[in-house]
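Each remark here refers to the structure printed beneath this line.
Throughout, read-outs are computed from the coordinates displayed, never taken from laboratory work. Values in this document were obtained by computation on a predicted structure and should not be read as measured data. Glycine gets a Cβ as well: all are built from the backbone with ideal geometry, and neighbour counts include every protein chain shown.
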Amino acid sequence: MVAIDGSAGSGKSTTAAAAAARLGFRHLDSGAIYRAVTVALLRSGRSGPALERVTRDELADLEIGVEWREQGMEVQAGGRPVPERALRSERVTAMVSQVAAVAAVRAHLLELQRDAAKGPGLVAEGRDMGTVVFPGAEVKVFLDAHPRERARRRLLQRGVHPEAAEIDSEAARLTRRDQRDASRSVAPFQQAGDAMLLDTTDLDPEAQTDEIVRLVEAARKHR
Ligand code: DC
């Protein structure tokens, strides 16, 4: 069980996916599940503060689920896959942090995430993997990088050629989202006491993956 937490744009998704592929493990992208809830709530016509008043019964009605396909995790809402472009839309990215701060939402998603560990092995990534969802994970890593580098990566991912001014405004947006995630009362985004900090500012994805696989191999030897 590998728990990877870290700030937005720190390289979590790429590294977790690559490490899971090398190890033959599942890759749980927990952020995608929070995004799917946000998509479903927005589709139901909620916006603004109404997003935060969602009840447990209403959450159950959204039918959020995860299916494990050969190509990876598929997130569902209402029994149907939620397309990647809906999960990553600007509107969802702007609202997801607010939805992820709701205690009922986090409680509702806990079992769904823990069920992922029933597979052959798991690399789980998010903000509270090592602290709340999988506190007993054998390997815990906390990824971070300089905000401007994180912003540059996010813009490149979106196909934008990053100019200095855009990098600055994206870095400010990312930092605001991290602060919001870190200041919520339930499962705040923070480094687990027993997680290893990996600064990825000057590391490429391959070097980050090598480091995680090395930690897994070391943990296996100490079993
Ligand atoms: O990693 P991401 O950008 O897809 O995450 C989307 C949002 O969901 C982000 O604002 C933090 C939140 N999140 C969370 O609160 N807990 C997790 N385990 C994963 C994501």
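Table for the structure above
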read-out	value
Listed residues Ile33, Gly11, Ser47: farthest to the positive end of the dipole of segment 10-59 (Cβ charges)	Gly11
Relative exposure of Arg69, Arg223, judged by other C-beta atoms within 10 Å (fewest first)	Arg223, Arg69
Highest-fluctuation residue, Lys12, Lys140, Lys118 considered, GNM on the chain with Cα pairs under 10 Å	Lys118
Candidate lysines for bridging to Lys221, where Cα separation is under 18 Å - those fewer than 8 sequence places away on the same chain excluded	Lys140
Length gained when the stretch Trp68-Met196 is fully extended (0.36 nm per residue, less Cα-Cα span)	43.3 nm
Residue with peak Gaussian network fluctuation, the chain [Cα springs, cutoff 10 Å], from Ala164, Ala77, Ala101	Ala164
Whole-Å distance, taken between Cα centres, linking segment 185-208 and segment 94-142	15
³J(HN,Hα) computed for each position of segment 105-110 - Karplus, 6.51 cos²θ - 1.76 cosθ + 1.60, integer Hz, glycine/proline x	5, 5, 5, 4, 8, 4
Antiparallel %, DSSP beta bridges [both residues in the chain], to 5	30
Helical mean residue ellipticity (222 nm; -39500 (n - 2.57) per DSSP H run of 4+; nearest 500) of the chain	-15000 deg cm²/dmol
FRET efficiency, 1/(1 + (r/R0)^6) with R0 22 Å, evaluated for Val186 and Arg114 via beta carbons	0.85
Part-to-part distance (alpha-carbon centres) for segment 3-36 and segment 44-76, which is given in Å	19
Global form of segment 1-136, assessed from the alpha-carbon gyration tensor, a/c cut-off 1.5	prolate
Whole-Hz ³J(HN,Hα) from phi, Karplus 6.51 cos²θ - 1.76 cosθ + 1.60, for segment 13-23, glycine and proline x	5, 4, 5, 5, 5, 5, 5, 4, 4, 5, 8
Global form of segment 1-59, assessed from the alpha-carbon gyration tensor, a/c cut-off 1.5	prolate
Listed residues Ile167, Ile212, Ile33, most fluctuating in the chain (Gaussian network, C-alpha, under 10 Å)	Ile167
